[in-house]
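Written below as C-alpha coordinates is the structure these notes are about.
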Amino acid sequence: MFKTLWFRIALRFALGELGIASNTVNPQLRRAVIALGQSEGFNAREAALIIYFRTPAMRLLETQRAQNTIAAWQTSQAVRQGYFGRAVRQDFALPDGSGVRESLFQDS
(Lines give C-alpha, C1' and ligand atoms only; values in the text may rest on other atoms or scores of the structure.)
Protein backbone atom coordinates (compact mmCIF):
# COMPACT_ATOMS: atom_id res chain seq x y z
CA MET A 1 0.00 0.00 0.00
CA PHE A 2 2.72 2.49 0.97
CA LYS A 3 4.80 1.43 -2.00
CA THR A 4 1.93 2.33 -4.35
CA LEU A 5 1.35 5.63 -2.57
CA TRP A 6 5.03 6.63 -2.87
CA PHE A 7 5.08 5.57 -6.51
CA ARG A 8 2.00 7.72 -7.23
CA ILE A 9 3.59 10.73 -5.52
CA ALA A 10 6.89 10.25 -7.35
CA LEU A 11 5.02 9.87 -10.65
CA ARG A 12 3.17 13.13 -10.01
CA PHE A 13 6.51 14.92 -9.48
CA ALA A 14 8.06 13.29 -12.57
CA LEU A 15 5.09 14.37 -14.70
CA GLY A 16 5.48 17.87 -13.30
CA GLU A 17 9.12 17.91 -14.36
CA LEU A 18 7.91 17.15 -17.90
CA GLY A 19 5.39 20.00 -17.70
CA ILE A 20 2.37 17.70 -17.44
CA ALA A 21 -0.19 18.37 -14.73
CA SER A 22 -1.03 15.04 -13.15
CA ASN A 23 -4.73 15.88 -13.05
CA THR A 24 -4.78 16.18 -16.87
CA VAL A 25 -3.74 12.54 -17.34
CA ASN A 26 -6.56 10.12 -18.04
CA PRO A 27 -7.14 8.29 -14.71
CA GLN A 28 -7.37 4.88 -16.42
CA LEU A 29 -4.05 5.47 -18.14
CA ARG A 30 -2.43 6.66 -14.91
CA ARG A 31 -3.66 3.58 -12.99
CA ALA A 32 -2.54 1.24 -15.77
CA VAL A 33 0.92 2.83 -15.91
CA ILE A 34 1.30 2.67 -12.11
CA ALA A 35 0.39 -1.03 -12.10
CA LEU A 36 2.69 -1.69 -15.06
CA GLY A 37 5.52 0.28 -13.48
CA GLN A 38 5.32 -1.61 -10.25
CA SER A 39 5.07 -5.02 -11.90
CA GLU A 40 7.98 -4.37 -14.30
CA GLY A 41 10.18 -2.43 -11.89
CA PHE A 42 10.09 1.00 -13.55
CA ASN A 43 11.01 4.04 -11.56
CA ALA A 44 8.59 6.98 -11.56
CA ARG A 45 10.47 8.86 -14.29
CA GLU A 46 10.36 5.84 -16.59
CA ALA A 47 6.62 5.54 -15.93
CA ALA A 48 6.17 9.26 -16.68
CA LEU A 49 7.82 8.72 -20.06
CA ILE A 50 5.24 6.06 -20.91
CA ILE A 51 2.50 8.63 -20.31
CA TYR A 52 4.40 11.38 -22.14
CA PHE A 53 4.99 9.32 -25.28
CA ARG A 54 1.52 7.71 -25.22
CA THR A 55 -0.53 10.89 -25.07
CA PRO A 56 -0.14 13.01 -28.23
CA ALA A 57 -1.95 16.09 -26.96
CA MET A 58 0.36 16.32 -23.96
CA ARG A 59 3.43 16.16 -26.14
CA LEU A 60 2.44 19.49 -27.66
CA LEU A 61 2.38 21.27 -24.30
CA GLU A 62 5.73 22.55 -23.05
CA THR A 63 7.67 20.42 -25.55
CA GLN A 64 10.97 22.22 -25.09
CA ARG A 65 10.77 21.85 -21.33
CA ALA A 66 9.95 18.15 -21.65
CA GLN A 67 12.76 17.55 -24.14
CA ASN A 68 15.28 19.26 -21.86
CA THR A 69 14.05 17.25 -18.89
CA ILE A 70 14.23 13.97 -20.79
CA ALA A 71 17.76 14.78 -21.97
CA ALA A 72 18.80 15.57 -18.38
CA TRP A 73 17.26 12.30 -17.14
CA GLN A 74 19.19 10.36 -19.76
CA THR A 75 22.45 12.15 -18.99
CA SER A 76 22.10 11.53 -15.26
CA GLN A 77 20.99 7.94 -15.92
CA ALA A 78 17.77 8.57 -13.99
CA VAL A 79 16.07 6.71 -16.85
CA ARG A 80 17.59 3.43 -17.99
CA GLN A 81 18.27 3.33 -21.74
CA GLY A 82 16.36 0.08 -22.30
CA TYR A 83 13.27 1.47 -20.60
CA PHE A 84 13.56 4.72 -22.54
CA GLY A 85 13.56 2.79 -25.81
CA ARG A 86 10.52 0.81 -24.72
CA ALA A 87 8.70 4.02 -23.77
CA VAL A 88 9.40 5.55 -27.18
CA ARG A 89 8.23 2.38 -28.98
CA GLN A 90 5.28 1.95 -26.59
CA ASP A 91 6.37 -1.64 -26.06
CA PHE A 92 4.02 -2.32 -23.14
CA ALA A 93 0.94 -4.40 -22.50
CA LEU A 94 -1.60 -1.87 -21.26
CA PRO A 95 -5.27 -2.79 -20.96
CA ASP A 96 -7.79 -1.60 -23.51
CA GLY A 97 -10.03 1.19 -22.38
CA SER A 98 -10.94 4.77 -23.05
CA GLY A 99 -7.84 6.93 -22.86
CA VAL A 100 -5.46 4.01 -22.38
CA ARG A 101 -4.82 2.98 -25.96
CA GLU A 102 -3.96 6.35 -27.48
CA SER A 103 -0.56 6.24 -29.05
CA LEU A 104 2.15 8.58 -30.18
CA PHE A 105 1.36 7.87 -33.81
CA GLN A 106 -2.44 8.10 -33.73
CA ASP A 107 -3.94 11.06 -35.55
CA SER A 108 -5.89 13.31 -33.21
Of all residues in region 15-37, count the ones that are surrounded by fewer than 16 Cβ atoms within 10 Å (Cβ to Cβ) and either at positive phi or within 13 Å of the chain's Cα centre (by Cα) (or both).
6
Can you pull out every residue in region 16-52 that is farther than 20 Å from GLN77 by Cβ, assigned to a helix (DSSP H, G or I) and not polar (S, T, N, Q)?
GLY16, PRO27, LEU29, ARG30, ARG31, ALA32, VAL33, ILE34, ALA35, LEU36, ILE51
Note on GLN67: of the conditions (1) of a type outside the set (Gly, Ala, Ser); (2) under 23 Å from ARG31 (Cβ atoms); (3) modelled with pLDDT of 80 or more, unmet is (2)
Selected residue (only one of ARG65, ARG12, ARG8 is within 11 Å of the chain's Cα centre (by Cα) and assigned to a helix (DSSP H, G or I)):
ARG12
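The values are calculated or read from the model by the stated rules, or taken from the named source; none is laboratory data. This one's a predicted model, so the numbers in the text were calculated from it and none came from an experiment. Counting neighbours? That spans all protein chains shown, and the Cβs are built from the backbone with ideal geometry, glycine included.
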